[in-house]
Structure formats: C-alpha cells, structure tokens
Amino acid sequence: SILAPTAHAATQAGTQVGITTAVRPGVVTTTHDRVVYIGNSVAFGERFKTDSTGVMHILFMDQSSMTLGPNSELVIDEFTFNPESRRGSIAVNLVKGALRVVGGFISKLNTPQGLSAARVQTATATIGIRGGISMVDHANDSTAATFLFGQQMQVTGQGGQTVTINRPGFGTTIGSNGNPSMPFRV
C-alpha cells in the first residue's frame, strides 16, 4: 500500500497520515482497539501501545519515519503536509518508552516562531528534530534525548531552558527539575 501523494493537512481525527511498514507482534492501537499489522493506515490522533516484545515502524507522508520500541506508548498529535510545497508540521507525544525519529521533508523546516516543525513531546520536554535522526527515551518523569545525525536537535525542558545539540553522538537528559542537562557524549 502506497501513501497518496496528494494528501494535505490532517486536522480531523482518523485522517490518514502514514502507514505501518514493519511490526513485531505486540502492538495495538487503543484509539481503534485493534491489533496493528504491516500495511495498516496510521491516522491523525491515533494512540499506539507496544508490549514487552512489540515494535512498530511508521512511514509518514512527508517521508519521516518513527520506530516505537517495546513497552512504549505514542500519540500522533499533529500532522499537516502539503506535497507541492513540501511544508507542514508533525508532533507526536511519547507517553512512555523509546522512539527513534528519522526526519523527512517537514524536519527541514522551522515554524514562524523559530521552532522545529518536527517535534516529540514528553511529560518533561519538547524535542525538535532538524533534518536528522534522534532517539528519545521517556520513563518515570525523565527524558533522555540523543542526536544521531543531521543538522540539529533542540531540547526544551518544562522549566523553560533550551539546549541545542548539533554534534552526532551527544545527548541530554531532563529530570524532575524540568531543565535539560548540558550536552554530553553518549
């Protein structure tokens, strides 16, 4: 199944924004109360959960991709994309667990406020992905973000401080104080 190249802004729950391209058993969508299989549509507003063995890979319409690890939960909070201009925005909420993000067209853009148009939200931080690959792990009110490749990763803690990382292999953690640590080699 191939994504429709003319898909535009997804503002209503249930609008297709991507497709599952790999799934290890143990993935369900709590939004539609169904087991997830390869080739299933991924909809705006959908919530995915993995068990201790479940893993899933999502390919979005802008060619971004995300891999959700075991014991994780993810919600698709925002997705707009105009294929002609290759502009839009994407935001997901990592409720718990591990997520690898590979940025597509949207990750190369900034919002009018100067923020990355591709974001991962956790309970303690917002991670902006700029044209690259990042890993985010969230558990017990603590978030760890690692920049693997690309232009940069910007991490803003709930305390308001922001750390920008543009060296692959460096990361930051955000704990109960709500502020990211200084970047460190992972």
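The values are calculated or read from the model by the stated rules, or taken from the named source; none is laboratory data. It should be emphasised that the depicted structure is a prediction, and the values quoted were computed from it without experimental measurement. Methodologically, a virtual Cβ is constructed for each residue, glycine included, from the backbone with ideal geometry; neighbour enumeration extends over all protein chains shown. The accessibility values were calculated without ligands, DNA or RNA, using every heavy atom of the protein model including side chains. Shrake-Rupley method; radii C 1.70, N 1.55, O 1.52, S 1.80 Å.
Quick notes on this one:
- In order through segment 117-128: 3J(HN,Hα) via Karplus (6.51 cos²θ - 1.76 cosθ + 1.60), integer Hz, x for Gly, Pro: 7, 10, 9, 10, 9, 10, 5, 10, 7, 10, 10, x
- Distant-in-sequence amide contacts of Val55, defined by a placed amide H-H separation under 5 Å and a gap of 5 or more residues or a different chain, comprise Arg24.
- Net +/- balance of residues flanking Ser89 in space, Cβ distance below 15 Å, scoring K and R +1, D and E -1: +2
- In terms of its C-alpha gyration tensor, segment 55-154 has a prolate overall shape, because the principal axis ratio a/c (a ≥ b ≥ c, square roots of the eigenvalues) is not below 1.5 and a/b outweighs b/c.
- Convex hull volume per residue, computed on the Cα atoms of the chain, equals 104 Å³.
- When Rg and Dmax are taken over the Cα atoms of segment 65-108, they come to 11.8, 37 Å.
- Solvent exposure of His32, expressed as accessible area, is near 100 Å², computed with a probe of 1.4 Å over the protein chains only.
- Spin-label model distance (nm) - Thr53 vs Thr111, 7 Å beyond Cα toward Cβ: 4.0
- Proximal charge balance of Thr172 [Cβ under 14 Å; K/R count +1, D/E count -1]: +1
- The residues Leu109, Leu74, Leu59, sorted by heavy-atom accessible surface at 1.4 Å with ligands and nucleic acids left out, run Leu59, Leu109, Leu74 from largest to smallest.
- In order through segment 43-59: 3J(HN,Hα) via Karplus (6.51 cos²θ - 1.76 cosθ + 1.60), integer Hz, x for Gly, Pro: 10, 4, x, 6, 10, 10, 10, 10, 8, 5, 10, x, 9, 9, 10, 10, 10
- Computed over the chain: relative contact order in percent, which uses C-alpha pairs under 8 Å that are six or more apart: 13
- Of all DSSP beta bridges confined to the chain, the antiparallel ones make up roughly 95%.
- Radius 12 Å from Cβ of Ala145, net charge of other residues (Lys, Arg +1; Asp, Glu -1): +1
- FRET E, pair Asn140, Arg185, Förster distance 35 Å, beta-carbon r, rounded to 0.05: 0.90
- Heavy-atom accessible area with a 1.4 Å probe sorts Asp141, Asp77, largest first, into Asp141, Asp77.
- As a length-normalised measure over Cα pairs under 8 Å and 6 or more apart, the relative contact order of segment 95-186 settles at 23 percent.
- Karplus (6.51, -1.76, 1.60) ³J(HN,Hα), θ = phi - 60°, over segment 78-87, in Hz, Gly and Pro reported as x: 8, 7, 9, 7, 10, x, 5, 8, 6, 10
- Available extension along the chain between Thr162 and Thr15 is 49.7 nm, counting 0.36 nm per residue and deducting the alpha carbon span.
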